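Values quoted throughout were computed directly from the atomic coordinates according to the rules given, and no laboratory measurement underlies them. What you are looking at is a predicted structure, and each value in this text was computed from that prediction instead of being measured. All Cβ positions, glycine included, derive from the backbone under ideal geometry; neighbour counts span all protein chains shown.
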């Protein structure tokens, strides 16, 4: 177990897949004076017995929160098995929103109150959601309406690369499905967001959609429009059999006023519609995007530079790197280069490969991203 003296916290990682080592680490960590909460990032390859994990979470004297992800990131390496624990001693407020709460019209009554903050300082909201949940965008909208630019936000979508929904959000109540956990931390932070994808088409109007199901572009079936652009650019035919393999290099970009295009990841064909991770609203304008490994990696480095500027003169105590799993799939063996690009000497790195990224640096509208790198630098 690694100690980080500046934050008076402990950072633990193990690539083992048994819960016994996790229970031992949590037991040691929970005895630390002043500990307020424990961030827990798990790889889906652990295949934990969820009933045993639930018991561990519910009986912990310290609240535990986080998620189960396709992989976790630790000290510049991807791990398909293992767990990361980060003990936090900063003042924090935690809220769990199970499915019934997310279905309510007024979610704001479940949100923790904004703490008193000194001039020029913003608290940080850690936000973890079910990446295949149906109420992500109403939650994101409500968070921004409630807190606005008073916070820095960072988090992501939990879940499995199998694209099958299941319990994945780690909370003091257990591992939940169709849920969210929010943790308001009184720490200084700098957040950087970048993706590196570039438009290869004109703008198409979304003429039919239902949440993440993109059905129509310019009054034509979305699949036919997307297929024509991709085949012309890639020089290969795309069909249902090879869709995922080719589409990972051709995401969609949603035009947003005054900001970088927000990426949506088409993951599956559904008839003549494209199933995307995240909402594509009717009436929006989208582009077909593409990128090379160089621009993708360069964007991750840019996200780190943004986070450093946001944090200012202070040296970060820890880096939280939230990176889309499809970026890892696209980069393949070069993904290590992206991890190297974001790493900062002397700053421990932990994070996860997510199914959608949640971020806002205190300057722009809060978003649920795809295929995007989010770097959070945290200072107590």
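Quick rundown of the values:
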{"quantity": "Average Cα contact separation per residue, the chain, under 8 Å, 6 or more apart, as relative contact order %", "calculated": "20 percent"}
{"quantity": "Least to most buried among 317, 49 (fewest other Cβ within 10 Å first)", "calculated": "49, 317"}
{"quantity": "0 to 90° range, to nearest 10: angle between helix 222-234 axis and the chain longest Cα axis", "calculated": "90 degrees"}
{"quantity": "Mean separation of Cα contacts under 8 Å, 6 or more apart, over the residue count of the range 198-290: relative contact order %", "calculated": "43 percent"}
{"quantity": "Shape call, the chain: gyration tensor on alpha carbons, a/c limit 1.5", "calculated": "prolate"}
{"quantity": "Bridge type composition, the chain - antiparallel percent by DSSP, nearest 5", "calculated": "80 percent"}
{"quantity": "Angle in degrees between helix 293-311 and the longest Cα principal axis of the chain, rounded to the nearest 10", "calculated": "40 degrees"}
{"quantity": "Taking the range 93-240 and dividing mean pair separation by its residue count, relative contact order in percent (alpha carbons under 8 Å, at least six apart)", "calculated": "25 percent"}
{"quantity": "Folded to 0 to 90 degrees: helix 136-147 orientation relative to the chain principal axis, Cα", "calculated": "60 degrees"}
{"quantity": "Spatial separation of Cα centroids for the range 258-307 and the range 336-380, in angstrom", "calculated": "16 Å"}
{"quantity": "Nitroxide proxy distance, nm - points 7 Å out along Cα→Cβ at residue 294 and residue 99", "calculated": "4.8 nm"}
{"quantity": "Pairwise centroid distance, computed over Cα atoms, of the range 169-191 with the range 81-129, Å", "calculated": "5 Å"}
{"quantity": "Exposure proxy ranking, count of Cβ atoms within 10 Å, fewest first, for 68, 107", "calculated": "107, 68"}
{"quantity": "R0 of 45 Å, Cβ-Cβ distance residue 146-residue 219: FRET efficiency to nearest 0.05", "calculated": "0.75"}
{"quantity": "Sorted by Cβ density within 10 Å, fewest first, the residues 51, 165, 326", "calculated": "51, 165, 326"}
{"quantity": "Over the chain: helical MRE at 222 nm, DSSP H runs n ≥ 4 each giving -39500 (n - 2.57), nearest 500", "calculated": "-7000 deg cm²/dmol"}
